[in-house]
Structures are given as structure tokens and as C-alpha cells.
Amino acid sequence: MVCITDASIIMKPSVRLFLTLLFFTFPFFCSAQTCQDSLREPNPYYTGCFDPYYPVCGCDGVNYRNDCAAYYKGGLNYWTDGSCGDFDYNIDPTYVTDFLNLQVFMKKAGTISISIYDAYGHILYLSQVFVPETVSSQQAFAIPISEVSFLEFGVYIISVNLNGEQISKKFFNSSN
């Protein structure tokens with residue numbers, strides 16, 4: 001959609017007044033205000049964003065790894081720093097041998113529950129960790145989980161819960 005804001009466009013005054021009122025009342029009608037760029041297709045397979053994990057909340061309400069991912073993978077025009085919800089986390093590394101490190105980003109202090117499930121849904125690990133209030137949206141609280149060496153070779157689900165909000169991700173254990 002194109003913005004019609006140039007007063008030099010020849011049109012009836014009533015039409016110009018209507019479009020001006022429409023633009024100022026509903027600015028999202030202008031292409032410069034849209035969430036996704038119509039000339040840039042989202043590419044969920046884009047792998048060029050190797051920046052650190054600093055979650056951003058896209059204008060589409062989806063968490064992205066960082067601003068690079070929001071721009072290229074989501075095709076977005078704007079986003080805000082921090083998670084869309086109360087928290088987000090990153091698994092480092094996702095290809096695990098003996099240890100697993102969570103980087104947790106939280107908007108306020110709280111206790112998170114961490115669960116690890118096998119492919120059959122059995123809980124293999126359960127822990128609660130308090131994350132202090134001093135953590136900002138661009139500062140991760142590291143939670144090392146060294147007990148993963150007991151896990152067999154395979155794919156696992158790690159689930160983190162804070163006040164009813166749950167985020168699950170998968171990782172691969174290559175040890176044993």
C-alpha cells in the first residue's frame with residue numbers, strides 16, 4: 001500500500017481531506033508503518049545471523065534471537081528489545097556432550113522451573129532456580145546444568161517455566 005501524503009497530487013479537496021484524516025487517524029495504512037516489508041520476503045532459513053543471543057520482540061509478536069534475525073528471518077521493519085513475554089532463554093550449546101548452559105533473559109526477578117524430557121515424555125531432570133532482579137533484558141543469567149552427562153545419545157526437550165509461561169526447546173546429546 002502506498003502513502004498519499006504529497007499535497008501536490010491533483011485530486012478533489014474532499015478526497016485529499018479524507019485521505020489526510022485517514023492517514024493521521026490510522027497511520028498503519030502507510031507502508032512505512034507496516035510490520036513486515038512487502039519488498040523483503042521473510043526467510044526462516046536465513047543463517048547469516050551469528051550475533052549473540054539478545055532476544056527482541058518482533059512487531060508480529062514473535063521472539064527473535066536478535067535484531068538481525070528479526071530483520072532477515074522475520075522480514076520485519078521494527079521490534080523492541082527483550083522478550084515478548086516475561087522471559088526467554090537460549091541453550092548453549094544445542095549439541096551437548098557433558099554440560100548444558102542456559103542463558104535466561106527475564107524482565108523481573110523470579111523462580112524458574114527447568115525440566116528435561118526424553119522422546120517418550122519422561123521427566124529426567126527437574127530443578128528450580130531463582131533469577132535475581134538485577135538481570136536486564138540485554139543481560140543473561142547463566143544457569144549451568146552439569147548433570148546432563150547421564151543422558152543417553154539422542155534428542156531431548158528442555159522446558160523452562162515462569163509463572164505459568166512455558167517455553168520448550170530441543171537439544172541433542174552426543175555423549176555415551
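Here is the list for region 76-154: GluC sites (Glu not before Pro) lying in DSSP coil, each with at most 11 other C-beta atoms within 10 angstrom of its C-beta, are 133, 152.
Working note: Karplus 6.51/-1.76/1.60 with θ = phi - 60° gives region 52-66 the couplings x, 7, 10, x, 10, 9, x, 5, 8, x, 10, 6, 10, 4, 6 Hz, where Gly and Pro are set to x. Its relative contact order, with pairs defined as Cα atoms under 8 Å and 6+ residues apart, puts region 55-132 at 21 percent.
Report the extension gain between residue 168 and residue 109 in nm, rounded to one decimal, defined as 0.36 nm multiplied by the number of residues separating them, less their alpha carbon distance. Show your work: numbers first, answer last.
On the way: separation 59, 0.36 × 59 = 21.24 nm, distance 2.01 nm.
Roughly 19.2 nm would be gained on extension.
Taking the charge dipole of region 49-112 about its Cα centre, with +1 at Lys and Arg Cβ atoms and -1 at Asp and Glu Cβ atoms, the residue from 89, 102, 76 reaching farthest to the positive side is 76. Residues whose amide H falls under 5 Å from that of residue 124, counting only those 5 or more places apart or on a different chain, are 116, 117, 118, with hydrogens built in the peptide plane.
Across the alpha-carbon atoms of region 29-86, the computed radius of gyration and Dmax are 11.0, 34 angstrom.
Ranked by the mean number of other Cβ atoms within 10 Å per residue, highest first, peptides 84-91, 121-128, 155-162 order as 84-91, 155-162, 121-128. For region 150-165, 3J(HN,Hα) computed residue by residue from phi via the Karplus equation (6.51, -1.76, 1.60; θ = phi - 60°) reads 7, 6, 7, 4, x, 9, 10, 10, 10, 10, 10, 10, 9, 6, x, 8 Hz, glycine and proline entered as x.
Short-range pairs are left out: with C-alpha atoms under 8 Å and at least six residues apart, the relative contact order of region 71-176 is 30 percent.
Where a number appears in this text, it was derived from the coordinates with a stated rule and is not lab data. Quick caveat, the model's predicted, so the values are computed rather than measured. FYI the Cβ positions are ideal-geometry reconstructions off the backbone, even for glycines, and counts take in every protein chain you see.
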